[in-house]
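I have placed the structure first, in the form of structure tokens, so that the comments after it can refer back to it.
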Amino acid sequence: MNMGNIRRALVVIIILGTIQACKAAPEGNMVDFALINGKVWTGAAGVPWAEAVAVRGDRIFAVGTTAEIRRLAPAGTKLVDLGGALVLPGFIDSHTHFLTGGFSLKRIQLREAKSREDFAARIAAAARELGKGRWILDGDWDHQQFSPPELPRKEWIDAVTPDNPVCVNRLDGHMILANSLALKLAGVTKDTPVPPGGEIVKDPATGEPTGILKDMAADLVYALVPEPSFAEKLEAAEASLRHAAENGVTSVHEMADAASFEVFEELARRNALTTRIHVYVPITEVETLARLRLKSPFGSPYLKLAGLKGFMDGSLGSATACFFEPYTDDPGTSGLLTGQMFPEGVMERRILAADRAGLQLAIHAIGDRANSLLLDMYEKAVAANGARDRRWRVEHSQHLRPADIARFGRLGLIAAVQPYHLIDDGRWAEKKIGPERIRTTYAFRSLRGAGATLAFGSDWPVAPLKPILGIFAAVTRRTLDGKNPGGWVPEEKVSVEEAVRAYTVNGAWAEFAESAKGTLEAGKLADLVVLDRDIFTIPPEEISGVKVRMTVFDGKILYGKD
Ligand SMILES: [Zn+2]
């Protein structure tokens, strides 16, 4: 028996098993609809490939050959002929700011602004549209787009925003540009004390704030921004859900605050969630959750409280990621630890408390020192509380010393990484941290080799909510500027299958949901995506152009034509 026959035999055994199980089920159609004549990557151990999937209710009823699935479907059952198209388990995006993303779909877009004039013109247009007095927010600007790259300044926009406070963020969310009006409202002057974990950038000549506020310093202005109404939040969340469906995303891990949980809870109550939401709330809530004796994950298949999200440091692009050695292009700094690290020892106490309470941790660490400090704390917690199935995560796991990559494996950690960041940051990362440290930057292959689990995500709206682009990025490592056609640090590329697994199977594992989703197997939730081209066989550089043809969520065709 060759491998193909063995696989087919296993498929038949599995199908017979499900038929057996269904004899006892009540009368009526066994199958609501089926996808046939496809190329189905199931992700299941031993039976990775099939041709067809039958769906009943919210579950996958059977997976097998087209002939087998046809036999299960009585006359009149809806059959969708895929004409050979590729089917994957629905994508699980393991790191989003999903509610924020919904707002960003509607607000001012500065990501593509390529010059001072362009930047100011977009802000001026927003001021006209919003009218006097309203805040201009979001933006997601990227100063690496300017030539030469330079941080924007309040003077660029003050003339066009005399009556609108401006608080627009860099796309990584780790710094903002405030205009003079916003600084005035916030009382920020050259004499304002710098909050720990933050920076007020000042003009070297005059000592005046330039308008750039980094990390914790941005809170001086954010504190004044009016909270959107609940109705506006619901609207934003609905926009996010539509956007997810278009991109084949059927589950997201939401790095959120308690307020956003309330929004998704309301949508769950209305049966309106068309993406499964797995919410991490700030680690500052650890005592509350511990008092409630709430073990994570807790909730329904649609909405779960996942655990706790913390922050060790900032970001590379804002030069606030915390390194052992100074930045190559700015030897005066080696980055910042965030406010959550102060007073000293508080992060470690919270990690220990979360562990005692049985709560999953997802902690942001970008610089090599931030990662190393976090691994120290994780090790101490394991030593103190003993072995158990923790599935702790390190969000971004971006710059790692080689010895720390091995520690990821020993601790069995989840590296929750975002491949799109690497083709974005890869344009300028070497300038910031030099040729040596980039060897172990976004080191996906090494992390996997060391035994860590890769869970892929987007960090939307920091990067596009498009798993296809994430897969393209992880497989090709081609930077957005086209300067690395063979891949940036190519030895860290992963295969298409590894990338798909990191967006499906591993995402499910990262949320303790591997028995319910992440693969296409009988009995699992019917979440799946159909692509218009076969990413396993086309040249990898063409993956970025692949489109989502259909998204099935919870047993319903949510997006696309059949
Ligand atoms: Zn994030």
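What follows draws every value from the coordinates through simple rules; no lab data is involved. Predicted model only: the values in this text are computed from it and were never measured. Neighbour counts are summed over all protein chains in view; Cβ atoms, including those assigned to glycine, are modelled from backbone coordinates with ideal geometry.
Here are the numbers for the structure shown:
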| read-out | value |
| --- | --- |
| Dipole moment magnitude, nearest 20 debye, the chain about Cα centre, only Lys, Arg, Asp, Glu C-beta charged | 1400 |
| Radius, Kirkwood style, for the stretch 313-366 when every pair of distinct Cα atoms is counted (Å) | 12.5 |
| Selection from S251, L151, A362, by position along the positive dipole direction of the chain (Cβ) | S251 |
| Other-chain or far-sequence residues with amide H under 5 Å of F324's (modelled H) | D368, R369 |
| DSSP beta bridge pairing in the chain, given as percent antiparallel to the nearest 5 | 45 |
| Fewest-first sequence of I557, I433, I414 by Cβ atoms within 10 Å of each Cβ | I557, I433, I414 |
| Estimated translational D of the stretch 253-318 in µm²/s (Stokes, Kirkwood radius over Cα pairs; 20 °C; 1.002 mPa s) | 168 |
| The stretch 88-226 - Rg (one decimal) and Dmax (whole number), Cα, Å | 15.4, 57 |
| For N484, distant residues with modelled amide H under 5 Å away | T479 |
| Extended-chain gain in nm, criterion 0.36 nm per residue less alpha-carbon gap, R439 and L151 | 101.0 nm |
| Cut-off under 5 Å, modelled amide H: who pairs with Q109 long-range | none |
| Cβ-derived FRET efficiency at R0 56 Å, L352 paired with E112, nearest 0.05 | 0.80 |
| Projected-area average for the chain over all orientations - Cα convex hull basis, square nanometres | 27.1 |
| Pairwise label distance in nanometres, R242 with R134, each label 7 Å out on the Cα-Cβ vector | 1.8 |
| Whole-Hz couplings from phi, Karplus 6.51/-1.76/1.60, listed for the stretch 135-145; x for Gly and Pro | 6, 9, 10, 6, x, 6, 6, 9, 5, 6, 7 |
| The stretch 443-449 - phi-based ³J(HN,Hα) in whole Hz, Karplus 6.51/-1.76/1.60, Gly and Pro as x | 8, 4, 5, 5, 4, 5, x |
| Helix-only mean residue ellipticity at 222 nm for the chain, each DSSP H run of n ≥ 4 adding -39500 (n - 2.57), per residue, nearest 500 | -9500 deg cm²/dmol |
| Charge dipole magnitude, Cβ of K and R +1, D and E -1 - the stretch 272-347, Cα centre, debye nearest 20 | 780 |
| Beta bridge orientation in the stretch 126-235: antiparallel %, DSSP, nearest 5 | 65 |
| Estimated dipole of the stretch 187-345 in Debye, rounded to 20 [Cβ of Lys and Arg +1, of Asp and Glu -1, Cα centre] | 800 |
| Extension reserve of the E542-R410 stretch, reckoned as 0.36 nm per residue once the Cα distance is removed | 43.9 nm |
| Length released on extending from A259 to T192, taking residue separation times 0.36 nm less the Cα-Cα span | 21.1 nm |
| Per-pair calculated FRET efficiency, R0 = 22 Å: E227 and A272 via Cβ, rounded to 0.05 | 0.50 |
| Relative contact order (%) - criterion: Cα under 8 Å, at least six apart; region: the stretch 188-270 | 20 |
| Antiparallel bridges, percent of DSSP beta bridges restricted to the stretch 175-296 (to nearest 5) | 60 |
| Value of relative contact order over the chain, rounded to a whole percent, pairs C-alpha under 8 Å and six or more apart | 16 |
